[in-house]
1. How about region B:78-103: which of its residues are in a loop (DSSP other than H, G, I, E, B) and either touching a Pro at 6+ places or on another chain (Cβ under 7 Å) or within 26 Å of B:D22 (Cα to Cα) (or both)?
2. Tally the residues that are free of Cβ contacts under 8 Å to residues at least 12 places away in the same chain and closer than 18 Å to B:G137 by Cβ, restricting the search to region A:190-204.
3. Please state which one of A:A251, A:A235, A:A240, A:A211 is at pLDDT below 95 and either among the hydrophobic types (A, V, I, L, M, F, W, C) or at positive phi (or both).
4. Working carefully through the options A:L247, A:L266, A:L274, A:L258, find the one that is surrounded by fewer than 18 Cβ atoms within 10 Å (Cβ to Cβ) and touching a residue at least 12 places away in the same chain (Cβ under 8 Å).
5. Inspect region A:230-238 for any residue being within 26 Å of A:I71 (Cβ to Cβ) and acidic (D, E) and give the result as yes or no.
6. Considering only residues that are in a loop (DSSP other than H, G, I, E, B) and over 16 Å from B:D223 (Cβ atoms), which ones fall in region B:254-278?
7. What number goes with the only condition from (1) within 16 Å of the chain's Cα centre (by Cα); (2) free of Cβ contacts under 8 Å to residues at least 60 places away in the same chain; (3) open to solvent by less than 60 Å² (accessible area, probe 1.4 Å) that B:N78 does not pass?
8. Among (1) open to solvent by 20 Å² or more (accessible area, probe 1.4 Å); (2) modelled with pLDDT of 95 or more, which single condition is B:D165 missing?
2 protein chains.
Amino acid sequence: MKFVLGIDGGGTSCRAALATADGAVVGRAKSGAANIRTDLTGARSNIVDAARQAFIAAGQDPDLIPQTPAILGLAGANVGTYRQQLEAILPFSTSRVETDAEIALEGAVGSGDGAMAILGTGTAYMARKDGKSRAIGGWGFEVGDQGSGARIGRDLLEQTLLAHDGVRLASPLTDSMMAVFRNNPEDVVEFTTNAKPGDFGGFAPKVFEHAQKGDIVANWILDKAVADVEASLGALDLAAGAPLCLLGGLAPLYAPRLSERYRALLKEPLDDALGGAVQMAARLFAGRVEAAR
Amino acid sequence: MKFVLGIDGGGTSCRAALATADGAVVGRAKSGAANIRTDLTGARSNIVDAARQAFIAAGQDPDLIPQTPAILGLAGANVGTYRQQLEAILPFSTSRVETDAEIALEGAVGSGDGAMAILGTGTAYMARKDGKSRAIGGWGFEVGDQGSGARIGRDLLEQTLLAHDGVRLASPLTDSMMAVFRNNPEDVVEFTTNAKPGDFGGFAPKVFEHAQKGDIVANWILDKAVADVEASLGALDLAAGAPLCLLGGLAPLYAPRLSERYRALLKEPLDDALGGAVQMAARLFAGRVEAAR
């Protein structure tokens, strides 16, 4: 019996799934970070470790690794030559490194036409049309990630300070935010000095919650965020009738706010990113695995 | 002959001016940082050093310091109890610590009604009406300082990446920015990871320059920035007919873009912040200096 490997690696952990040639997962495992931009050899080591553990979890011999092909979806694989460097030092029979977005799209919509929007602490988009993928966004909190939780939280703090100064409207939401910071604008500024995107993003659900109650500032922030998300969807050049999946923690909050023309395309994702790597491996390597029998 | 001292201290340096009781400056000097939030005793030491050097520059005996009253304008004086702590340990006959904005306003418009907008890497506003001062803004780059050079530069990088992705319009300005970053959006993101407000602000003059040539993205960014500046001016509750001074590096670039109702109020500043501290000292302490003669 021969296998394929799917790997989903990022800055905090690396997951591996061992599957039969037809894509049925038989073992899963998880290891440490696989950040190919900051630590290529450390990433290799955690990738191999996750793969070995997936063989063991399946009750199979890890010594089969050199005979097993793998699809790896890794954050940062679109930058520089990290992809080629890593492929050259991996122990699998064939190693193909894709971006994390590519395997997430495969997981969400399968191998045909379709698109996804990742709406979480950050935002990123990818669409596949006639077999060609195109990614946009994902440029990070400081000058990108429009519509992300981090940007929504940052906008909220900005509007809260403007309301404090009497420059923009106050609302129950901005009043409650000032209370969080002991009604001291300096405390707000202090918070932002060391806040990471996830810290700003922590306030985003509060904005959605207040918007539903009719809060004017919350709705102003979200109208802008929805317009930003739709501007990116508009630039994706979606294939007619192809599925659109919303992923990430804010997906269920955004779905009802999108315009009808996008809501009509929404589909639940078929699988997650790791599942996407497995399915891509089964699709691309099945022939070769058969041949090796 | 008796004197008054004006002190203008901030995060990079501390300036002192020694003046006669009627406000005529007779000696100036400069020393190191006077950051009362991060190093109160270091700030005291540099303040005293600048004062001593100003006496020496005027050919006067620094031992007169304990008989000389001082107005100090210091960044951060509006936060917590730093002001009171510092006043308690200064060697002057009387020490009055004001914010840097307060002495800048005194320098710009004198002791009557009037307002100023500081439009530089950051933005801040202050108005005096019927003898009462009110400051707004100045909350820093991350969630404040709307219309500042830093925010304009950040907006430019954001629009440049959106244009690269085809989400928003490209223009000669965004094309030239992409060229600065070797047409690699990752280079833009890399820059923003470690960029300080001044680094973002470095791009602001380029935006004004392209706007004048009709660049659509530059004008979009500046229309938003002008609207933000005017929203803050609107919240200042300016006294009818009182002067409005624009200070900071972007002041001459903003002046022609303001609405007529604000342009009509514009006046050249009478003096700088150090001059404001001196004039305030002469105004407030002249009586006491006379009495001591």
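The values are calculated or read from the model by the stated rules, or taken from the named source; none is laboratory data. Note that the structure is a prediction, hence the values are computed from the model and not measured. Don't worry about glycine lacking a Cβ; one is built from the backbone with ideal geometry, like all the others, and counts go over all protein chains shown. Side chains included, ligands, DNA and RNA excluded: accessible areas come from the protein's heavy atoms. Shrake-Rupley method; radii C 1.70, N 1.55, O 1.52, S 1.80 Å.
1. Matches in region B:78-103: B:L90, B:P91, B:F92, B:S93, B:T94.
2. Residues meeting the conditions: 2.
3. Every option except A:A240 fails the conditions.
4. A:L266
5. Checked region A:230-238: at least one residue is within 26 Å of A:I71 (Cβ to Cβ) and acidic (D, E).
6. Answer for region B:254-278, where residues must be in a loop (DSSP other than H, G, I, E, B) and over 16 Å from B:D223 (Cβ atoms): B:A264, B:L265, B:K267, B:E268, B:P269, B:L270, B:D271, B:D272.
7. (3)
8. Result: B:D165 fails condition (1) only.
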